[in-house]
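The block underneath contains the structure these notes are about, expressed in structure tokens.
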Amino acid sequence: MTQPEQEKTAEQILFDIRSENKLEISNILKKYELTYSELEISLKKIESWGYGITKDDDSLMFQSAPDALIDSEISYGLPTKTIGKNIIAFQAVPSTNDSALKLAEQNAIEGTIVVAEKQTNGKGRFGRHWHSVEKKGIYCSIILRPSFSTEFAPGLSLMTAVALADTFSEYTQAKVQIKWPNDILLNRKKTAGILTELSTEKNKINHIIVGVGININHIVDDFPDELSSIATSLYIESKTKVNRVKFLQRFLFHFENAYENYKTDRLKSMHAKTQTYSSLIDTEIQLLYGKKLISGKVVDINKDGALLLESDGVIHVINSGEVTIVKK
Ligand code: BTN
């Protein structure tokens, strides 16, 4: 058997044991036309992926799955139709957004996700760095190929923020907020960020990469000094370790639903959520808008996801920019 054939057989055996919980060895040998020593090789492979399988005289039993961002784990029981149905998983990459961009240029299908256990050059907004601690967070980029025009691309960030906030809300009693347009806060500290990158041609979208960085099981010491007062993780705020694979599956589920709605009525059906999750409504902020700095009070978020900022008696409709909170 070649190496790829061995991998495939190991994956199929794993799937069978997992679905049945207990399988007779003689049945597996027959089904996959294996010798006993070939089966042992497959079991070693499965163990090397982090799965726990036990064996008695005639059966194999499924014991445990690793919390690892690998294809077999993410796809097992993933309840989506397109998002995450094609998974490219790495142990380490410079940036999952950069890998996804390359794959998109090579025609990867809509819904393809790129995940990594670690990023060596994770990218944040405004050219910043995204601190990507190995096996503690989720670093994931989703390839989209919508048919709507480019003007609707920026709204995908707020849409993704709503999907993330809905996912966090399933896991924690901590206060989950969106700092417009695309930071997720837990108890007022940042726990996830979104970087949306767009490729266009003649005002048509080729592809969009939606990258999310989510702080899941980080402890306080995982953050460098400059981040410790502004960043947090789900673990720090909820005191419980979370299975990253399950969290990612829930996020992909919420993301797919939100994206389906977005394609037909943009942010309309999510409008109430963008308001209730907002950390900015009724808050004094400074907004860097291109090269202009505007100070004012956020009075609302409109149905298109724009910030309504009152400054010197005038309401400004803001579609993008970087916000600094001045006071509540
Ligand atoms: C921000 O808050 O500035 C956005 C952070 C986005 C980070 C994610 S991690 C996965 C994906 N790959 C990247 O290089 N960046 C995004």
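For this structure, a couple of remarks:
- Neighbour-count ranking [beta-carbon atoms within 10 angstrom, fewest first] of Trp49, Trp180, Trp130: Trp49, Trp130, Trp180
- Considering only Ser64, Thr112, Ser75, and ranking their Cα positions along the charge dipole of the range 27-140 that arises from unit charges at the beta-carbon of Lys, Arg, Asp and Glu, the one farthest toward the positive end is Thr112.
- Bins of 5 Å from zero: percent of alpha-carbon pairs in the range 259-328: 4, 18, 26, 24, 14, 9, 5, 1
- Extension reserve of the Asp304-Lys30 stretch, reckoned as 0.36 nm per residue once the Cα distance is removed: 92.8 nm
- Kyte-Doolittle mean at least -0.5 and Cα axial length at least 24 Å: DSSP H helices in the chain: 155-171
- For the chain, alpha-carbon Rg and Dmax in angstrom: 22.3, 80
- Values of log10 I(q)/I(0) for the range 281-321 across q = 0.29 Å⁻¹ run -1.06, by the Debye formula with one identical scatterer at each alpha carbon and no solvent.
- Principal axis dimensions, the range 147-202 - Cα atoms, whole angstrom, descending: 46, 18, 13
- Gain upon complete extension [Asn319, Asp225; 0.36 nm per residue less C-alpha separation]: 30.6 nm
- Net charge dipole size for the chain [Lys, Arg +1 and Asp, Glu -1 on Cβ; Debye, nearest 20]: 1060 debye
- Taking the chain and dividing mean pair separation by its residue count, relative contact order in percent (alpha carbons under 8 Å, at least six apart): 13 percent
- Taking the helices alone, the chain has a mean residue ellipticity at 222 nm of -10000 deg cm²/dmol, built from -39,500 (n - 2.57) per DSSP H run of at least 4 residues and averaged over all its residues.
- Short to long, the 5 Å bins of the Cα pair-distance histogram for the range 48-169 hold 2, 9, 15, 20, 21, 14, 7, 5, 3, 2, 1, 0, 0 percent of all pairs.
- Contact order normalised by residue count of the range 92-170, Cα under 8 Å, 6+ apart, percent: 30 percent
No lab work stands behind these numbers, since they all come straight from the coordinates. Predicted, not measured: the structure shown is a model, and the values here were computed from it. Counting neighbours? That spans all protein chains shown, and the Cβs are built from the backbone with ideal geometry, glycine included.
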